[in-house]
1. Taking the stretch B:91-111 as the search range and keeping residues that are within 17 Å of the chain's Cα centre (by Cα) and part of a helix (DSSP H, G or I), which one is modelled with the lowest pLDDT?
2. So which residues in the stretch B:56-86 are small (Gly, Ala, Ser) and closer than 15 Å to residue B:178 by Cβ, if there are any at all?
3. Which one of these does residue B:271 not meet: (1) within 10 Å of chain A (Cβ to nearest Cβ); (2) open to solvent by less than 70 Å² (accessible area, probe 1.4 Å)?
4. Give me the residue from the stretch A:42-58 that is touching a strand residue (DSSP E or B) at 6+ places or on another chain (Cβ under 8 Å) and open to solvent by 30 Å² or more (accessible area, probe 1.4 Å) and, out of that set, nearest to residue B:183 (Cα to Cα).
5. Any residue at all in the stretch B:137-160 that is hydroxyl-bearing (Ser, Thr, Tyr) and in a helix (DSSP H, G or I)?
6. Please go through the stretch B:244-267 and pick out each residue that is more than 23 Å from residue B:221 (Cα to Cα) and modelled with pLDDT under 95.
7. Would you point out which residue out of B:216, B:225 is more than 14 Å from chain A (Cβ to nearest Cβ), outside any helix (DSSP H, G or I), modelled with pLDDT of 80 or more and open to solvent by 40 Å² or more (accessible area, probe 1.4 Å)?
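The values are calculated or read from the model by the stated rules, or taken from the named source; none is laboratory data. No experiment lies behind these values; they were computed from the predicted model shown. Using ideal geometry, Cβ is built from the backbone for each residue, glycine included, and neighbour counts are taken over all protein chains shown. Ligands, DNA and RNA are excluded from the accessible area calculation, which covers all protein heavy atoms including side chains. Shrake-Rupley method; radii C 1.70, N 1.55, O 1.52, S 1.80 Å.
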Amino acid sequence: MELKIFDERNSTATEIIFTKKTVKDLLLQLNINSETVLVTKNNEILTEDEELTHNDSICILSVISGG
Amino acid sequence: MTQFAFSVSFPEDKMRCFKCQNKAVITLQHGSICKNHFMNYFEEKVFKTINKYQLISKNEKICVATSGGKDSLTILYLTKKYLEKHNLPTTNLFALAIDEGIINYREKTLQDLKLFCQTHQIPLTITSFREEFEYSLDQAILKLKENSKKKQCNLCGVWRRYLLNKHAKEAGATKVITGHNLDDEAQVILMNIFKANTKLAGRMGPISGTQKVNGFIQRVKPLYFCTEKEVKLYTLLKGFQVQYTECPYSQEGYRHHVQEMLNNFESKYKGTKQSIINSFLAILPLLNTSDENIEIKSCQLCQGPANQNQCNACKLKETLING
C-alpha cells in the first residue's frame, strides 16, 4: 500500500510504499522510536497496534520539544 | 502552524480502553486508555503529586515558569484548575517567561504563550537575557566560543534560573512552578550519576533544593510523574496551540545523548524511566543530608544569593564583558 506521511520534526511530506500492517510496523520501517512520537490520521490519535490502509495520510508528531 | 482538534471513532479492530471499551488513544503500562479516561488519569496524577508533596499551600503567590512549550502550558493550565478546584485564589497566579534571545525559536513559543495567557486570563511577565545581561544567548554563545569551553546549555541554565528567581522574588512569589516532566527528571538523574554529582542529585525531586534558603524561591514540579509523551498527548487532546519547536542548541548538549539512550532503552524495556524515578526517590532522603550546612553568601555585584563572592550569573556576565 501507499501512505502519505507528514513528519512534523522536519516538516517533510513524503509518499512511501508500506507492505506491513500496523503503526508499529510503520515506525520500524521509518526507523523512528515510538517513545519519541505520536501518530495521527485525520486528526485522530492512533495507537501502535492500529492497522493502516492504502492512501492513509499519516502525521508523525514529535513528543520531544524545547531545550 | 496546524491546530488539531482531536476526534475519536470506532472501528472494531482498534485497541479499546480497558475501563470503558471506547477507542484507545495511548497504551500505558497498565493498559490502553481512551481520551476521556486519559485526561482524567493525567489530571488526577498531577493533582495527587501536588497534594502528596504539598507543592501548593493556601495563601501562596505562585509564579509558573513558562516558555510557551507543551510542558509549561500544561502546568499553567492545571495549576489554575487546581486552584479553582480547591477554592484557592487564582489572582495569586502569574506566568513568567524568559526570552533568551534564540532566533527562530523563542519568539515562536512566546507567541503561543501570549495567546494562551490571554485566553485563560493569566497575567504574564516576560523578561530577557539582553535586558539583564546585555547579551542574548545567540550573542553570548558567539563570544564564548572564542574564549571559553563553557557550553551554551550551562550558560542558558544559569541565567534562566537567576532571572526566574529574581523576578519571582520581585513579584512577591512564594513558589515557582516549573514544567519539568518525568523524562526530564530521569535524564538528570542519570546525568548526575554519570558525572558523579551526588550533591546536585540531592537537590532534585518534586521539590528542588534540600532546604529553604533565604533569597531563593522554592521550585516545585507537579509534572514530575508525567512522561513527555503523556504531556504531549494532553496538549493535543485539549487543543492547546503549541508549535513544534526544538532549541537549536539542544542537539549539541550532553543531555541530548542521555535522552536518546533513555528513549532507546524505554522502547525495549517499558517502565525504565519510571523505575529510575522510583529508585531515586527511595534514596533521596539519604542524598539530602549532604547539603544541610551549605553557606549562602550575597553576590558582590547583584546582592543575590551566591555560594561564592560572586554568583554564577554575574561571573558569566563578567566573562563575556571582559573577555
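1. Applying the filter and picking the extreme gives B:106.
2. Narrowing the stretch B:56-86 to residues small (Gly, Ala, Ser): B:57, B:65, B:67-69, B:72.
Listed by number, the residues that qualify are B:65, B:67, B:68, B:69, B:72.
3. (1)
4. Step one: filter the stretch A:42-58 for residues touching a strand residue (DSSP E or B) at 6+ places or on another chain (Cβ under 8 Å), giving A:42-52, A:54-58.
Filter once more, keeping what is open to solvent by 30 Å² or more (accessible area, probe 1.4 Å): A:42-43, A:48-49, A:51, A:54-55, A:57.
On the way: A:42: 28, A:43: 26, A:48: 20, A:49: 24, A:51: 29, A:54: 35, A:55: 35, A:57: 29 Å.
Once the filter is applied, the top-ranked residue is A:48.
5. From the stretch B:137-160, those hydroxyl-bearing (Ser, Thr, Tyr) are B:148; that's our starting set.
So of that shortlist, the ones also in a helix (DSSP H, G or I) come out as none.
No: the stretch B:137-160 contains no residue that is hydroxyl-bearing (Ser, Thr, Tyr) and in a helix (DSSP H, G or I).
6. In the first step, residues of the stretch B:244-267 are kept if they are more than 23 Å from residue B:221 (Cα to Cα); the result is B:248-249, B:251-252, B:257, B:261, B:264-265, B:267.
Selection gives B:248, B:249, B:251, B:252, B:257, B:267.
7. On the way: B:225 fails: open to solvent by 40 Å² or more (accessible area, probe 1.4 Å).
One residue alone meets the criteria, B:216.
Yes/no matrix, rows are residues, columns are (1) open to solvent by 10 Å² or more (accessible area, probe 1.4 Å); (2) in contact with a helix residue (DSSP H, G or I) (Cβ under 9 Å, 6 or more places away or on another chain):
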site	(1), (2)
B:112	no, yes
B:115	yes, no
B:118	yes, no
B:128	yes, yes
B:139	yes, yes
B:165	yes, no
B:180	yes, yes
